[in-house]
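The block underneath contains the structure these notes are about, expressed in structure tokens.
The values are calculated or read from the model by the stated rules, or taken from the named source; none is laboratory data. Owing to the predicted nature of the structure, the values given are computational and were not obtained by experimental measurement. With ideal geometry, Cβ positions are generated from the backbone for all residues, glycine too; neighbour counts draw on all protein chains shown. Side chains are part of the model used for accessible areas, which takes the heavy atoms of the whole protein and leaves out ligands, DNA and RNA. Shrake-Rupley method; radii C 1.70, N 1.55, O 1.52, S 1.80 Å.
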Amino acid sequence: MATIYIDDKAVEATPGDSLLSVCLKNGIYVPHLCYLEELKETPASCRLCFVEVEGEPAPVTACTTMVREDLRVRTDTPEVRRLQRAALRLLLSVHRVDCGRCPANKHCDLQRIAALLGTGLKPKNLALLLREPQVVRVHPLFDYYPNRCVLCGRCVRLCRERHAMPLLTFADRGFSTTVTFYGQGNSEEIPCADCRACVKACPVAALWPRDSDAPVPGGEEEPSPNTAGSDPAEAGP
Amino acid sequence: MPTGNPKTIDQAFKDLREEARTRWEELRQTPGPKFRLGLATCGIASGALNTKVALEETLAERGIMAQIRTVGCMGHCYAEPLLVVENPGFPPLLYHQVSPGKAKMIVRSFLEGGDPLFEHVLGAMEENDMIPWIMDFPRFSNEVRVITALCGVVDPEEISDYIALGGYAALARALESEPEDLIRAVEEAGLRGRGGAGFPTGKKWRLCAQAAGKRKVVICNADEGDPGAYMDRTLLESNPHQVLEGMAICARAVGARRGIVYVRAEYPLAVRLITTAVQQAEKLGLLGESILGGDFSFHVQVFRGSGAFVCGEETALLRSIEGKRGMPRHRPPFPVQEGLEGLPTVINNVKTLASVPPIVEKGPKWFRGVGTPRSPGTAVFSVVGDVVHPGLVEIPMGTTLRSLIFDVCGGIPRRKSFKAVQIGGPSGGCLPEDFLDTPIDFDSLVEAGAMMGSGGMVVMDEDACMVDVARYFLDFTQKESCGKCTFCRIGTRQILEILERMTRGEGREEDLGLLETLADVVRRGSLCGLGKTAPNPVLTSLRYFREEYEAHVREKRCPSGTCRALTAFYIDLDLCARGCDACVGCCPVEAIFTTLNRKKGIDQTLCVKCGECVAACPEEYNAVKKVSPPHLAPIVERPPVQET
């Protein structure tokens with residue numbers, strides 16, 4: 001075991017463990033979206049879990065920092081908060097804020113992070129860039145809401161880990177990057193109904209069962225053009 | 001590692017070289033005229049294939065026996081297609097822009113008539129007292145060719161050309177050296193990675209050699225993607241064997257048995273030539289199993305990248321070879337520790353690897369004699385844009401930007417003035433005139449806010465709008481971002497939104513500050529090199545050309561008149577000639593009308609600002625003017641349509 005200091009508090013930790021995991025286990029919340037305790041590799045893609053480590057010139061991501069003896073960490077310096085707020089605002093600038101009709105409401109990681117950082121849910125002076133369609137229905141059981149998705153990739157990675165033949169993947173590039181489903185359209189042939197790992201792991205309910213009893217998600221009134229011949233104007237309530 | 005039987009390797013190589021030299025001498029001694037035609041992509045694009053056909057036909061028609069050798073790129077893009085003619089009795093002459101017609105003319109006038117057609121000669125390839133030597137011209141004499149020494153000399157499809165001129169001698173020597181000595185030679189030479197960041201190559205090799213595991217990999221990164229950059233392509237198309245030789249030496253140094261050339265699929269000729277080169281080298285026992293009969297084996301594959309700019313980033317490149325989506329990952333672990341399929345992997349740029357054979361052959365001291373103490377050796381740039389002599393240039397490190405742009409490349413054409421130079425592609429920066437005396441080396445360029453990059457250099461004259469240039473590069477990076485991390489995926493797009501707003505004349509006062517903030521967080525927060533450097537074009541142009549941004553935002557004015565939404569064309573009625581219809585005829589949208597006194601006016605509501613009328617207006621009138629902001633254009637009423 002090694003002793004490390006997080007915000008001046010001495011913590012015992014196993015060398016080689018991820019610093020983010022240690023923080024979370026010790027009740028120190030560091031904002032994060034892409035990190036999953038159960039998966040060994042972290043993509044370090046959400047760029048939220050910044051901390052300052054003594055000896056490093058700039059904030060580093062806690063998920064990729066390994067525990068070593070005498071590591072001294074600060075989780076709430078102004079520079080850390082500045083980067084976290086910037087990342088959150090960028091995520092909110094592509095997020096359709098419609099919490100009242102979102103099934104993730106009150107369990108949403110974005111809400112939690114926004115509360116911690118005191119930013120509110122507005123992207124401030126950034127342009128709001130939403131995608132069309134609002135709902136993508138290519139998976140036989142789950143709907144995908146691109147304007148909720150933060151592209152943390154938890155779903156893609158879990159699916160890859162659980163199933164020999166993964167059914168979710170990233171597609172497209174740059175700003176158009178999206179999570180998509182590939183495989184058979186027949187719900188009998190896919191393990192999704194019993195697995196649902198992706199839905200459970202999604203921090204923002206961007207993947208949500210179509211047949212769910214949960215509150216009707218916000219995008220329901222504007223179905224995707226992918227769905228056969230549905231015109232938004234004709235769609236029922 | 002045991003070194004095998006030295007005599008065998010040495011003898012095996014000497015035999016190969018003897019054979020190659022004999023063939024080369026036979027080529028040289030063949031009587032009659034000889035032609036050498038540049039047939040790299042640049043030459044082909046300028047019509048060199050047609051030139052070749054015309055040359056062959058004319059020679060056949062006239063019954064002249066002549067030797068035509070095709071070579072790669074000579075580096076002089078402004079003069080393509082390039083043809084070297086060796087006519088007995090004359091020094092070898094270099095002809096520029098040899099169209100099929102000119103090729104016929106050369107055969108008839110020069111070969112048959114003895115008139116070398118001086119007006120089409122760029123220079124003589126050798127010193128003589130008849131025709132100026134090319135080395136008398138700054139475009140040639142300022143270059144120091146190490147990496148591109150044999151480009152345009154050897155036939156890229158003929159391995160024996162390269163061997164005859166000294167090729168693969170360094171590999172033969174490396175096979176008989178201890179790996180440690182090779183690494184030390186590269187360290188002592190101070191070779192730094194030519195891919196952009198300038199990481200010490202020797203250190204990289206040492207880390208890989210020390211990494212645990214017996215299986216190691218050497219990768220040549222030829223995923224060149226910067227707009228306007230073509231150094232790596234040219235090298236692979238002109239002298240692929242120097243790169244392969246560098247790879248094999250690297251493999252020997254780090255103990256790798258497997259090599260991969262990662263080359264863009266958009267470079268079909270480079271792919272074909274490097275593949276041929278690998279096959280030829282394998283056939284002669286210079287690659288493959290037990291090289292030159294020794295106990296060292298090195299197998300090279302060619303892998304074609306499928307068009308993602310981000311795959312030039314080394315971790316994304318590795319994933320791409322593994323068949324996964326090309327997305328960078330966090331480093332460490334670095335590829336030298338855990339690379340391809342988890343094996344220790346050296347990834348070097350094409351030019352880095354091509355620098356290795358000369359270092360092994362001539363020694364680290366010689367290499368250090370070129371360039372600067374902290375950046376030894378040469379730099380290869382593809383200089384494009386507003387220069388008189390664009391092309392591929394190899395100069396010693398430490399040459400100033402001014403010397404490269406004005407002495408070597410001939411300065412700015414059309415009597416315009418220099419405005420900025422963009423170095424390092426989308427990751428680099430735009431430097432203004434004040435920085436022209438900056439020496440070109442890794443550290444000085446970073447200090448100035450740009451970066452060495454892999455060698456793309458775009459020179460811009462006074463007509464370039466820096467806001468538009470920044471917009472262009474951000475448009476590129478946001479499209480090419482892999483989409484993985486928040487800052488790069490959304491941040492670059494938000495920066496682009498602001499820049500587009502400015503070029504449309506919708507910029508707001510707070511946008512300047514917002515741009516700076518966004519650029520700063522994207523730089524600090526992004527996961528990989530692409531995102532970390534993507535804001536550089538914005539940051540440098542904001543730093544050095546802030547007044548242009550302010551003009552766009554505050555006055556809705558584009559000082560260089562580039563941004564269409566912020567400019568207007570009008571016809572100066574004092575200059576316009578009565579009865580001339582040149583502009584009317586060329587306008588694609590019929591926006592130009594005739595006034596009552598038969599002069600011309602532009603209907604601003606119809607004008608699409610293509611600038612065709614400026615080009616069409618006869619020089620003696622020069623009546624079409626461009627203004628920014630657009631409301632400065634005087635309004636000329638369209639006369640009522642007359643019933644006839």
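Values as computed for the structure displayed
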{"item": "Beta bridges by DSSP in region B:21-112, antiparallel share as percent, to the nearest 5", "result": "60 percent"}
{"item": "Gyration tensor (alpha-carbon) shape descriptor, the protein assembly as shown, a/c threshold 1.5", "result": "oblate"}
{"item": "Per residue value of the accessible surface for region B:31-134 (all protein chains in place, 1.4 Å probe), Å²", "result": "41 Å²"}
{"item": "Chain pair A, B: total accessible area buried, heavy atoms, 1.4 Å probe, Å²", "result": "2600 Å²"}
{"item": "Cα-based shape type of region B:159-368, given that a ≥ b ≥ c are square roots of the gyration tensor eigenvalues and the cut on a/c is 1.5", "result": "rounded"}
{"item": "Computed [θ] at 222 nm, helices only, for chain B once each DSSP H run of length n ≥ 4 contributes -39500 (n - 2.57)", "result": "-10500 deg cm²/dmol"}
{"item": "Spread of Cα-to-Cα distances over 10 Å intervals beginning at zero, given as percent, for region B:225-322", "result": "15, 45, 32, 7, 0"}
{"item": "Tail beyond 22 Å, pair distance distribution of region B:466-554 (Cα, percent)", "result": "17 percent"}
{"item": "Placed amide H near A:Phe142: partners under 5 Å, 5+ positions off or other chain", "result": "A:Arg210"}
{"item": "Highest-first arrangement of B:172-179, B:73-80, where packing means the average Cβ count within 10 Å", "result": "B:73-80, B:172-179"}
{"item": "Relative packing of A:82-92, A:151-161, which averages over residues the other C-beta atoms within 10 Å, highest first", "result": "A:82-92, A:151-161"}
{"item": "Rounded accessible area of B:Cys151 (nearest 10 Å², 1.4 Å probe)", "result": "10 Å²"}
{"item": "Cut-off 14 Å between beta-carbons: net charge of the residues surrounding A:Cys198, Lys and Arg +1, Asp and Glu -1", "result": "+4"}
{"item": "Dipole of the protein assembly as shown, positive end: most advanced residue of B:Cys613, B:Gly579, B:Ala308 [Cβ charges, Cα centre]", "result": "B:Ala308"}
{"item": "Separation between Cα centres of region B:430-464 and region B:477-514, rounded to whole Å", "result": "23 Å"}
{"item": "Karplus 3J(HN,Hα) series, Hz, for region A:138-149 with 6.51 cos²θ - 1.76 cosθ + 1.60 (x for Gly, Pro)", "result": "9, 7, x, 10, 10, 9, 10, 10, x, 8, 9, 4"}
{"item": "Kirkwood-based shape ratio for region A:2-76, expressed as Rg/Rh from alpha carbons", "result": "0.92"}
{"item": "Euclidean distance between Cα centres, region A:63-136 to region B:600-627, Å", "result": "51 Å"}
{"item": "Rounded to 5, the percent of DSSP beta bridges in chain A classed as antiparallel", "result": "90 percent"}
{"item": "Counted charge near A:Val80, where neighbours are those whose Cβ lies closer than 10 Å (Asp, Glu -1; Lys, Arg +1)", "result": "+1"}
{"item": "Sulfur and carbon atoms: percent of accessible area, region B:40-155 [1.4 Å]", "result": "54 percent"}
{"item": "Shape of chain B, Cα gyration tensor, a/c cut at 1.5", "result": "oblate"}
{"item": "Heavy atoms of B:Ser417 accessible to a 1.4 Å probe, total area in Å² rounded to 10", "result": "60 Å²"}
{"item": "Under 18 Å from B:Lys556, Cα to Cα: aspartates and glutamates that are on another chain or at least 8 residues apart", "result": "B:Asp463, B:Asp468, B:Glu497, B:Glu500, B:Glu506, B:Glu509, B:Glu510, B:Asp511, B:Glu547, B:Glu548"}
{"item": "Taking region B:378-461 and dividing mean pair separation by its residue count, relative contact order in percent (alpha carbons under 8 Å, at least six apart)", "result": "36 percent"}
{"item": "Label-to-label distance, nm, for residues given as B:Glu112 and B:Glu637 (7 Å Cα→Cβ offset)", "result": "6.9 nm"}
{"item": "Proximal aspartates and glutamates relative to B:Lys283, as straight alpha-carbon distance under 19 Å, when same-chain residues fewer than 8 apart are discounted", "result": "B:Asp10, B:Asp15, B:Glu18, B:Glu19, B:Asp155, B:Glu157, B:Glu158, B:Asp161, B:Glu245, B:Asp295"}
{"item": "Greater than 19 Å apart at Cα, pairs in B:Lys599/B:Lys625; B:Lys324/B:Lys484; B:Lys203/B:Lys532; A:Lys25/B:Lys484", "result": "B:Lys203/B:Lys532; A:Lys25/B:Lys484"}
{"item": "Cross-link partners of B:Lys104 among lysines (Cα-Cα below 22 Å; sequence separation of 8 or more within a chain)", "result": "B:Lys34, B:Lys52"}
